[in-house]
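Presented below is the structure to which this report refers.
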Amino acid sequence: MMTPKRKFHFGLGTRHPGHTAVFVAGVVVLALLATATGRAEEPGESIYMKRCASCHGKTGGGVKGEYSKPLVGDKTVPQLTNYVTKSMPDDKPEQCVGKDAEAVSRYIYDAFYSPIAQARHRPPRIELSRLTVTQHRNVVADLIGSFRRNVSLDKRDGLRAEFFKGRSMGRDRLEERIEPSVLAHFDKSNPLYDRFDPKGFSARWSGALVAPETGNYEFILKSDHAVRLWLNQDGRGNRDDNEFSETKDAFIDAWVKSGNQIEYRGTIFLIAGQVYPLAVEFSCHSQGVGDEKEHKSKLPEHSFVELWWRPPHREVEVVPARVLSPTSATEVCVLNTPFPPDDRSVGYERGSSVSKAWADATTGAAIEVADYVVGHMYELSNTRIKDDKRDEKVRAFAATFVERAFRRPLTDFERRLYVDKQFEGADDIKLGLKRVVMLTMESPRFLYHNLGGDEDDAYAQASRLSFALWDSLPDRQLLDAAAKGQLAKPDQVARQAQRMLDDPRCHAKVRQFMHYWLDIEQVPDMAKDKEQFKGFDAAVTSDLRTSLDLFLDDVVWNGSGDFRQLLTSDAMYVNGRLGAYYGVNLPKDAPFEKVAATTPKRVGVLTHPYVLARFAYPDATSPIHRGVFIVRSVLGRALRPPPKAVAPLAPDLHPGMTTRQRVTLQTEPKACQACHGMINALGFTLEQFDAVGRFRDKEFGKPIDARGAYELPTGKVRNFNDAYDLASFLAESEETHDAFVMQLFHHLAKQSMMAYGQDKAEQLRRDFAAHGYNIRDLIVNAAVTIATTAPDRPKAEAKSN
Amino acid sequence: MGKPQTRRQFMQELGLSAAALPFLLNMPSLGFAQTTQRKKRLIVMFSPNGVIPENFWPGEEGENYNLKDSTSPLEPFKNRTLFLNGVCDKVRGDGDNHMRGIGCLLTGIELFPGNIQGGSHTPAGWSSGISIDQEIKNQLQKNAATRTRFGSLEFGVMVPERADTWTRMSYAGPNQPLAPIDDPYQMFDKMYGRVKDQESLKSVLDELQEDLAKLRTRVSADDRRLLEEHAQWVREMERELQASKQRGNDHAVPTLEPGIVEDNDNMPKISQTQIDLLVNSFAADFARIATLQFTRSVGQAKMRWLGIDEGHHGLSHEPDSNNDAKDKLTRINKWYCEQLAYLTKKLAETPEPGGEGTLLDNTLIVWTNELGKGNSHTLDNIPFVLVGGGLDFKMGRSLKFKGVAHNRLLMALAHGFGHRINTFGNPDYCADGPLSLT
């Protein structure tokens, strides 16, 4: 039996995945279809209207004086059918039995009774949410970081490099300068060479690393002499404030040079947008504790040290200057406990559900954080072993820790339960602290948004703002503003938001959104046919992803921040390797630089080779994938999955046909055209770019036809000659702007945009246009909306059935 | 090079990886009953800077021998002790004798050339081979009947915070030195952290229910569902903790005196604490192999509690004519021997869990040193004093070999575990097979 719900899926594409309005619209479509066709095989609705609606209401909401309760519940259709058969209508159950009972039950179930139907009807609201995994990790890092020295990021790229005359670093410094990377070779051509001690010299590169993405990073330290890498280790392991000095080896310790090894590796999990201390120490001299005069080492003619890495989803490269800064940073507490992934069913990560796996992970994390805090107790509490006020300071630290974790001042109840009681119950200070931290990390006041506090106040606003921009808790300045009542007006909130934009955590969050927008968050497999696309290897793919990131960052964070640039800019970031592959004349080992790609004109992300190659088959382009990307991501229109999985026609079985011809042939049937009419006509405009994004004007000897079209909301059709035409249209299209605003808002808020009110959504769109489509202004405005909108806290709702 | 120990690895070792948390918080089952063969265990105890031979080695050979000053604390266990005089570290190559002394002691193979310059000779790097304790551990871990939670534990006492050739004795393989843990709190956490966390977690979850109940009233009915589900998982975790507690650990968790600080003068206390933990780890069958490294080669402990203010290594360079130094060195070695005797006594007092006799009946301790004699830096006549019944060796004897390579002793240890290797370390020194000690 064909259910009404499935019928709905035959309706034309609705807009905007991820908000419940879709479903409301769906019901309307369903109703229209049903009425229009008046199908005899689906009498459920008419039976209901005839026999049930007078008591239960037209939409099952109940009728006063008759049956006032809404028809909602968790019975299945067969259960409902049984009930109807036995008991309904109230006076004459025999009137509705058999197929009729089944049909009306199915209708009731789908239209308003089932949990899904209820969700469909319930107006969107800001839901209680827990921290997402990303937020959990950031919060832990920033919470503990808040007790450490404030780090302000030096905007220069590269590291502080120091060179010392002899074996010991810190003595006889010959020179200090900023170097872009750790890539040093010392021989007679080096101006310092003659100033080194005849027995040897030493050098140090120090600063910070900003992780561009969250994930596992492999570091490769190469040297033929004593060398070590300190990474995310503050104080170089010389901590003496614990009972036992920690056995804190360098992250990679090759100070003992042994045998022929010249390459050392280590893997570390890093969180995007956090700033990690990094130092490479190098000593081209014999080591050991013997008398200096025993050392027979001699300054070699050549020695070297290099620092390479393999970031997540990338190939090995020298750690580039753009992720390095000569900042003196502090250790970051990186949560290593694995978490189950968050719900993304509506298109953005959100903390809308809990599970056993998640509860176990939070407990694992609670223990991990507790271990970390206790392990750094003296440092974080700013005390020492032999300090008369040690215990007092540790308790004070604990109270502040809880306060910051809850993102608001503690009530007496909280202070009593979370701090005092835990210390009282423990026989030593470390155990007490451990329990405070464990309990805090397990507390819903920590784990959920908008839960602490008796009412929605400035602290709640501050939290919403910082989670919107950073996926993390408020910093000191923001908390101060909350405390002083300086978040009362929207423009005060906006000023804070403006300040907070310029933070690596915000940059990381926006980059993650851009990856989502371009559907490259789950890193695609981009392997191509080796014959056809010789040289398109993992290194090129890796460089392309970097190239795209550089472009995205440039548009968003520099200059006018104009969204339209994303779709129309002819700028492309190219290094030597990409230059060779894509025909830009650069030296082979040239670092990334911005070039104007004019032959043919590239148009932003649409023609970026990474995007083009991502939406292509290994051996051919895919106008369908490219079209779907434009329809869904850029224009924000929903598409249903295809009715059946279809393998593309193989090029070699259709010799002489262009890709366009094959796709046209395959999607010719009427059943396909409802969607493919739109998809193909958009995807075809990118046909001038092959499966790796190189320009082509012919395919199989036939000229490329890149014409396309799009049916506007007005019903008129807009024609395009090529990608350039399309991009010019999309950049100015209100649909594109709407889609971008909504998707970005969802990414920032992790709540449905509709919950913030139809008028606020409209307002954001208008503001976006009024601000010249400045993405930074859009982010600020969205964040202010999120911060200043308090979630409803309805009094206990009448719970039905 | 020192392998980077990430916190992720550390967490995994502790078993706190979240997914399996409630189960991993529980102690592994002890499974004594399944063992049909008796357990065999090995402890290698290291103290540095050589000995004063005439105050160390028994003059006699055979079963009737007398203990000298330095080894007199072993008197109660004389019939369980085996002196092996005349065993020599013949490995040569790069590195000074202190470096090779400790680096080749358990590996029986040369150090790699490297950049660590000692007081003489050529610079060197790490050992080019695995050490015998790790070799045997790997063998035991291969077999389900002899596999334990850690396999081996590396204890240290006052080991300096420096990873170099002088501070590492155990090697997991070429260029893979293992750092001994000299912080008893860290070792305690490694062994019992789970249990302590389990206790804390239980108390914390109790408290959490109180606050969850309070917060439930604060949110709308729709949102309440989420909190109720959360509360349900918390209750389930509590039940799991309760269940795991009831499954029980028949092994009591020792208590550790709080507030011991790493300080030269605390060395006796740290030593005793580490030995207690070591014996505990064997009683709980966490490991069957352990090393216990006092300081390092060239160690400079100042045994002020014996009235000796000078550093150990400095004293060891004094010429034979310096009777004061000789006396002090004899007393220093006697102190180390007292630690050995304490360890032996603890093992002898601990019944073999699920078996017969005591831990000492099933444990062999090897007390050794990087040098034969401090002021000559000789690698001949390396102190090898064996105690306990772990390996079916015939104990209660003083044996005098004529300069046999110590590789053959290392092989004898492996053979004692039934691991019949034909060579160990540099094969040049293995020609006549394992020393026969049975």
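Out of region A:100-116, which residues are out of contact with any Gly (no Cβ under 9 Å at 6 or more places or on another chain) and either free of Cβ contacts under 8 Å to residues at least 12 places away in the same chain or not in a helix (DSSP H, G or I) (or both)?
Of everything in region A:100-116, just one residue is out of contact with any Gly (no Cβ under 9 Å at 6 or more places or on another chain) and either free of Cβ contacts under 8 Å to residues at least 12 places away in the same chain or not in a helix (DSSP H, G or I) (or both), namely A:Ile116.
For region A:274-283, state whether one or more residues are under 17 Å from A:Ala141 (Cβ atoms), free of Cβ contacts under 8 Å to residues at least 60 places away in the same chain, within 14 Å of another protein chain (Cβ to nearest Cβ) and surrounded by 20 or more Cβ atoms within 10 Å (Cβ to Cβ).
No: zero hits.
Please note which strands (runs of 3 or more DSSP E) are completely contained in region B:82-160 and include at least 3 residues that are over 14 Å from B:Pro174 (Cα atoms) and assigned by TED's automatic domain parsing to the domain that holds B:Leu278.
B:151-157
Closer than 30 Å to A:Ser466 by Cα and surrounded by fewer than 21 Cβ atoms within 10 Å (Cβ to Cβ): which single residue out of A:Asp725, A:Asp759, A:Asp652 fits that description?
Being closer than 30 Å to A:Ser466 by Cα and surrounded by fewer than 21 Cβ atoms within 10 Å (Cβ to Cβ) holds for just one of A:Asp725, A:Asp759, A:Asp652, which is A:Asp759.
For the condition surrounded by fewer than 24 Cβ atoms within 10 Å (Cβ to Cβ), at pLDDT below 95, within 27 Å of B:Leu340 (Cβ to Cβ) and in contact with a Ser or Thr (Cβ under 9 Å, 6 or more places away or on another chain), what is the one hit in B:Ala163, B:Ala145?
Just one listed residue meets the conditions, B:Ala163.
Being assigned by TED's automatic domain parsing to the domain that holds B:Asn97 and either in contact with an Asp or Glu (Cβ under 8 Å, 6 or more places away or on another chain) or buried (at least 19 other Cβ atoms within 10 Å of the Cβ) (or both): is that true of B:Asn280 here?
The answer is yes for B:Asn280.
Tell me, please, whether a residue that is in contact with a Ser or Thr (Cβ under 7 Å, 6 or more places away or on another chain), of a type in the set (D, E, K, R) and closer than 19 Å to A:Ser443 by Cβ can be found in region B:200-209.
Checked against the condition, which is being in contact with a Ser or Thr (Cβ under 7 Å, 6 or more places away or on another chain), of a type in the set (D, E, K, R) and closer than 19 Å to A:Ser443 by Cβ, region B:200-209 yields no hits at all.
So, A:Gln233, is that one outside the structural domain of A:Phe304 (by TED's automatic domain parsing) and in contact with an Asp or Glu (Cβ under 8 Å, 6 or more places away or on another chain) or not?
Against the criterion (outside the structural domain of A:Phe304 (by TED's automatic domain parsing) and in contact with an Asp or Glu (Cβ under 8 Å, 6 or more places away or on another chain)), A:Gln233 does not qualify.
The conditions are (1) surrounded by fewer than 20 Cβ atoms within 10 Å (Cβ to Cβ); (2) polar (S, T, N, Q); (3) modelled with pLDDT of 95 or more, and B:Ser47 fails exactly one of them. Which is it?
Here B:Ser47 meets the rest and fails (1).
Among the residues of region B:214-224, what is the count of those that are more than 7 Å from chain A (Cβ to nearest Cβ) and either buried (at least 18 other Cβ atoms within 10 Å of the Cβ) or under 19 Å from A:Thr362 (Cα atoms) (or both)?
Residues in region B:214-224 being more than 7 Å from chain A (Cβ to nearest Cβ) and either buried (at least 18 other Cβ atoms within 10 Å of the Cβ) or under 19 Å from A:Thr362 (Cα atoms) (or both): 1 in total.
Show the residue pairs that are 6+ apart or on different chains and have beta-carbon atoms under 8 Å apart, the first residue being within region B:283-308 and touching a residue at least 40 places away in the same chain (Cβ under 8 Å) and within 14 Å of another protein chain (Cβ to nearest Cβ), the second being part of a loop (DSSP other than H, G, I, E, B) and among the β-branched types (Val, Ile, Thr).
Short answer, once both residue conditions are applied: B:Gln293/B:Val159; B:Thr295/B:Val159; B:Arg296/B:Val159; B:Val298/A:Val289.
Could you grab me the full set of residues in region A:648-667 that are under 22 Å from A:Met678 (Cα atoms) and out of contact with any His (no Cβ under 7 Å at 6 or more places or on another chain)?
If the condition is that a residue be under 22 Å from A:Met678 (Cα atoms) and out of contact with any His (no Cβ under 7 Å at 6 or more places or on another chain), then A:Pro648, A:Leu649, A:Met657, A:Thr658, A:Thr659, A:Arg660, A:Gln661, A:Val663, A:Thr664, A:Leu665, A:Gln666 are the ones that fit.
How about region A:72-83: which of its residues are buried (at least 16 other Cβ atoms within 10 Å of the Cβ), part of a helix (DSSP H, G or I) and either out of contact with any helix residue (DSSP H, G or I) (no Cβ under 6 Å at 6 or more places or on another chain) or among the β-branched types (Val, Ile, Thr) (or both)?
Correct list: A:Val77, A:Thr81.
Could you please find all residues in region A:431-451 being over 28 Å from the mean Cα position of the chain (by Cα) and within 8 Å of chain B (Cβ to nearest Cβ)?
Within region A:431-451, A:Leu431, A:Lys434, A:Arg435, A:Leu439 qualify.
Within region A:339-372, take every residue that is without any contact (Cβ under 8 Å) to a residue 12 or more places away in the chain and within 21 Å of B:Glu228 (Cβ to Cβ) and give me the one that is farthest from the other protein chains (Cβ to nearest Cβ).
Once the filter is applied, the top-ranked residue is A:Asp343.
Looking at (1) touching a strand residue (DSSP E or B) at 6+ places or on another chain (Cβ under 8 Å); (2) under 20 Å from A:Asp767 (Cα atoms), which one does A:Ser542 not meet, given that it meets all the others?
Unmet condition: (2).
Tell me, yes or no, whether region A:236-258 has at least one residue that is over 29 Å from B:Asp263 (Cα atoms), modelled with pLDDT of 75 or more and within 9 Å of another protein chain (Cβ to nearest Cβ).
Yes, that holds for at least one residue.
With B:Leu329, B:Leu347, B:Leu315, B:Leu340 as the choices, which residue is closer than 13 Å to B:Pro73 by Cβ, hydrophobic (A, V, I, L, M, F, W, C) and buried (at least 16 other Cβ atoms within 10 Å of the Cβ)?
One residue alone meets the criteria, B:Leu340.
Based on this model, can you work out whether A:Leu478 counts as in a loop (DSSP other than H, G, I, E, B), closer than 24 Å to A:Leu744 by Cβ and of a type outside the set (Lys, Arg)?
So A:Leu478 does not fit the description; no.
So, in region A:355-389, how many residues would count as being more than 26 Å from the chain's Cα centre (by Cα) and part of a loop (DSSP other than H, G, I, E, B)?
Final tally of qualifying residues: 10.
Would you confirm whether or not region A:176-187 contains a residue that is within 21 Å of A:Gly266 (Cβ to Cβ), of a type in the set (S, T, N, Q) and not in a strand (DSSP E or B)?
Yes, region A:176-187 has at least one match.
Please go through region A:84-99 and give me each residue that is surrounded by 15 or more Cβ atoms within 10 Å (Cβ to Cβ), in a helix (DSSP H, G or I) and touching a residue at least 12 places away in the same chain (Cβ under 8 Å), ordered by number.
A:Val84, A:Thr85
Output the number of residues of region A:685-704 satisfying the condition of being assigned to a loop (DSSP other than H, G, I, E, B) and exposed (fewer than 15 other Cβ atoms within 10 Å of the Cβ).
Residues meeting the conditions: 4.
So which of B:Tyr342, B:Tyr336 is assigned to a helix (DSSP H, G or I), touching a residue at least 12 places away in the same chain (Cβ under 8 Å) and more than 20 Å from B:Thr167 (Cβ to Cβ)?
B:Tyr342
Looking at region A:373-383, which of its residues are surrounded by fewer than 24 Cβ atoms within 10 Å (Cβ to Cβ) and either in contact with a Lys or Arg (Cβ under 8 Å, 6 or more places away or on another chain) or at the interface with chain B (Cβ under 8 Å from one of its Cβ atoms) (or both)?
A:Val374, A:Met377, A:Tyr378, A:Glu379, A:Leu380, A:Asn382, A:Thr383
Just one of (1) surrounded by 15 or more Cβ atoms within 10 Å (Cβ to Cβ); (2) within 28 Å of A:Asp456 (Cα to Cα) trips up A:Tyr113, so point out which.
Of everything listed in (1) surrounded by 15 or more Cβ atoms within 10 Å (Cβ to Cβ); (2) within 28 Å of A:Asp456 (Cα to Cα), A:Tyr113 misses just condition (2).
Please count how many residues of region B:181-193 are within 9 Å of chain A (Cβ to nearest Cβ) and either crowded, with 24+ Cβ neighbours inside 10 Å or farther than 17 Å from B:Gly151 by Cβ (or both).
7
The values are calculated or read from the model by the stated rules, or taken from the named source; none is laboratory data. Bear in mind the structure is a predicted one, so any value in this text is a computation, not a measurement. Here Cβ is always computed from backbone atoms with ideal geometry, including for glycine, and neighbour counts include all displayed protein chains.
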